[in-house]
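Values in this text are rule-based calculations from the coordinates and carry no lab data. Since the structure is predicted, the reported quantities are computational estimates derived from the model, not experimental observations. When we count neighbours, we look across all protein chains shown, and the Cβ atoms used for this are built from the backbone with ideal geometry, even at glycine.
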Amino acid sequence: MQRQDGVVLAGSTSEDVGFDKGVTESARHSLQNKAEELMPMLKKYNIQNQWSGLRPGSQGNIPMIEKHPKYNNVYLNTGHYRYGLTMAPRAAAIVTDLITSHG
Ligand SMILES: Cc1cc2nc3c(=O)[nH]c(=O)nc-3n(C[C@H](O)[C@H](O)[C@H](O)COP(=O)(O)OP(=O)(O)OC[C@H]3O[C@@H](n4cnc5c(N)ncnc54)[C@H](O)[C@@H]3O)c2cc1C
């Protein structure tokens with residue numbers, strides 16, 4: 001994918017590593033190879049950055065959008081795994097309903 005500023009973004013990998021946000025050489029190689037296979041002209045350019053992010057999951061990958069079972073003033077909206085961005089508008093509406101109906 002190319003951003004409006006011209007930066008080409010190649011991603012991503014998916015690994016089960018808990019909260020470890022480190023990056024690996026093997027992931028870099030694999031992504032670089034795939035990107036250069038698709039766009040050979042990328043071989044002329046240096047990699048500027050490599051980073052990782054988390055996809056917070058839950059058992060069965062069913063998101064938890066609920067009032068905390070123990071604390072009255074805490075609401076949970078987590079476990080969206082690969083779809084947290086796509087689901088955000090609906091999840092936010094559900095959380096809003098929960099908060100306003102629980103006063
Ligand atoms: C490479 C990649 C591609 C993705 N692509 C898509 C996509 O195309 N579409 C899609 O829908 N989803 C995508 N996702 C998934 C999406 O990013 C997640 O589902 C979403 O970000 C989860 O939102 P969240 O708020 O639960 O967690 P996060 O976005 O991880 O937010 C948690 C926040 O809590 C903060 N935090 C953590 N610990 C503490 C602490 N102790 N104290 C205070 N703050 C803390 C963190 O800094 C972070 O800001 C992708 C994820 C990755 C990694």
Notebook entry, point to check: Do we have Lys21 as away from the ligand (no atom under 11 Å from the Cβ), part of a loop (DSSP other than H, G, I, E, B), within 30 Å of Ile94 (Cβ to Cβ) and out of contact with any strand residue (DSSP E or B) (no Cβ under 9 Å at 6 or more places or on another chain) here?
Noted result: no
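Mind checking which residues of segment 67-103 are loosely packed, with under 14 Cβ neighbours inside 10 Å, within 14 Å of the ligand (Cβ to nearest atom) and in a helix (DSSP H, G or I)? Let's see the steps before the verdict.
Step one: of segment 67-103, the residues loosely packed, with under 14 Cβ neighbours inside 10 Å are 68-74, 82-83, 85-86, 88-90, 92-93, 96-97, 99-103.
Retained after the next criterion (residues that are within 14 Å of the ligand (Cβ to nearest atom)): 74, 82-83, 85-86, 88-90, 92.
Within segment 67-103, Arg82, Tyr83, Leu85, Thr86, Ala88, Pro89, Arg90, Ala92 meet the criteria.
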Notebook entry, point to check: Restricting the search to segment 22-66, which residues are polar (S, T, N, Q) and free of Cβ contacts under 8 Å to residues at least 12 places away in the same chain?
Noted result: Thr24, Ser26, Asn33, Asn46, Asn49, Gln59
Next item on the list: Would you please list the contacts, defined by Cβ atoms under 8 Å and residues six or more apart or on different chains, that run from a residue in segment 77-103 that is over 15 Å from Gly53 (Cβ atoms) and touching a residue at least 24 places away in the same chain (Cβ under 8 Å) to a residue that is within 11 Å of the ligand (Cβ to nearest atom) and among the β-branched types (Val, Ile, Thr)?
Entry: Ala91/Ile65; Ile94/Ile65; Val95/Ile65; Leu98/Ile65
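Considering segment 46-66 alone, what residues qualify as being closer than 18 Å to Arg3 by Cβ and either within 16 Å of the ligand (Cβ to nearest atom) or surrounded by 10 or more Cβ atoms within 10 Å (Cβ to Cβ) (or both)?
Just the residues of segment 46-66 that are closer than 18 Å to Arg3 by Cβ, to begin with: 46-51, 53.
Residues satisfying the conditions are Ile47, Asn49, Gln50, Trp51, Gly53.
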